[in-house]
1. Work out how much length R331 to D36 would gain on full extension: take 0.36 nm times their residue separation and subtract the Cα-Cα distance, in nm to one decimal.
2. Provide the per-residue ³J(HN,Hα) series for the stretch 88-98, in order, calculated from phi with Karplus coefficients 6.51, -1.76, 1.60 and θ = phi - 60°, each as a whole number of Hz, with x at glycine and proline positions.
3. List every residue whose amide H lies under 5 Å from the amide H of H278, counting only residues 5 or more places away in sequence or on a different chain, with H placed 1.01 Å from N in the peptide plane.
4. Can you give the FRET efficiency for R23 and S347, using 1/(1 + (r/R0)^6), R0 = 30 Å, r = Cβ-Cβ distance, to the nearest 0.05?
5. Taking amide H positions as placed in the peptide plane 1.01 Å from N, state which residues far from D36 in sequence (5 or more) or on other chains have amide H under 5 Å from it.
6. Cut-off is 10 Å between beta-carbons; in what order do V173, V124, V116 appear when sorted fewest neighbours first?
7. Would you mind calculating the relative contact order of the stretch 168-318 from Cα pairs under 8 angstrom and at least 6 residues apart, reporting the percent as a whole number?
8. Take A354 and M1, extend 7 Å from each Cα along the Cα→Cβ direction, and tell me the distance between the two endpoints in nm.
Amino acid sequence: MSEPVTRARRTLTDAPTDLLLDRIATELATSYGITDTELFQVDYRLSVLLPLHDGEPLTGPGHPAWRCFDHQEPIVAAGTGYFPVGMRGERRGVLRVAPVPDDPTVLAELAEIATVLGHELAAVSAGTDVYRTARRSRRLTLAAEMQWELLPGRSRVRPSFSLAGQLEPAYAVRGDSFDWSDDGTRLWLSVVNGMGEGVAASMLTSLAVHALRNARRAGLPLADQAALADQAIHAVYHGDQYVSTLLLELDLREGTLDVVDAGSPRLVLLRDGEVREHPLEPQFPLGMFEATEYRPQQLRLHRDDRLFVVSDGVIDATGQDIRYGDSALDRFLRRTGPMAPLDAVRSLIGDLRAFVAGDLIDDAVVVCLDWTGPQP
């Protein structure tokens, strides 16, 4: 590690939580003569890059900052450098600095510093609202605030898989959510399609997600995780409210996938450019009845398979009296093959908004999972 990168890392580690950008700007000026430093964070809707300080939001897909964000690689244009800011596949935004020399060594060091900034942003966000507030192009509803705080992140990358998810309408989502966790050999994924409106829907979904996490962290098998969450929800709502859920557990070494379909969102497989649906055994949603017993199914994935999980807010969205799930969804999924999961999810949501010619009325959740095969 070069001396400038070492100093920058130390500067970010020692900086007050609200002054990360200010302190790194001072360090970059000292080490590289950079006089302009700005952080652009992607908003909740994945549609605009918002400056932390002063400046105009960036919406144009052809802008160098967006090319940097989309391709996750440094871009230099007219003496200005743009560097991806993220952590373990979680894309947070872009660091813009100027002037920068067209020197590969300097560009590599600045890219490393931008990655360190991404890690520090993740580390400090729980203790300050500065960065969350700057990511909003409008106010979140209370229900949406609860839902976004519940998420594990929006994307994740490891050698054996890539994963991304998105909620819509991003600033007013109510009952839909997703959760994931991995331990290096297994990946757990749950997608929740909660019923109800407003804060009540968010509270129901929050109970379901936390109950599933509690069971998962206790080391319970997938079917028992569903059973425990079912009991927790029924104990509170007595069957009046329930949660449609899809639970997945993927063995990252073998590609075997255990599935529990608890009244779930739709699971779609994209293999060799073709859309395939695996019939799942429908079981009761979580909380509908007391002491429901759940049975897992097992599927076998092939290397480079892609899975999509979409809620009924996607399938049932209507434009010109045609449901999106009847024809447009499968056609669009075929086009996502070359895209990274986050780009596929963002593009699908954009296509859905175009289909309905506006914002979504019902909640929609989209999750994309690529299994790239067993890795050393």
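Laboratory data are not the source of any read-out in this text; all were calculated from the coordinates shown. Everything numeric here is computed off the predicted structure, so don't read it as measured data. Please note: Cβ atoms are built from the backbone with ideal geometry, for glycine as well, and neighbour counts cover all protein chains shown.
1. Value of the extension gain: 101.8 nm.
2. 6, x, 7, 7, 9, x, 9, 9, 9, 9, 7
3. Here L269 satisfy the definition.
4. So, using R0 = 30 Å, E works out to roughly 0.25.
5. Sorted by chain and number, the residues that satisfy this are A98.
6. V124, V116, V173
7. Details: 320 pairs, mean separation 36.1, N = 151.
Over the stretch 168-318, the number comes to 24 percent.
8. 4.4 nm
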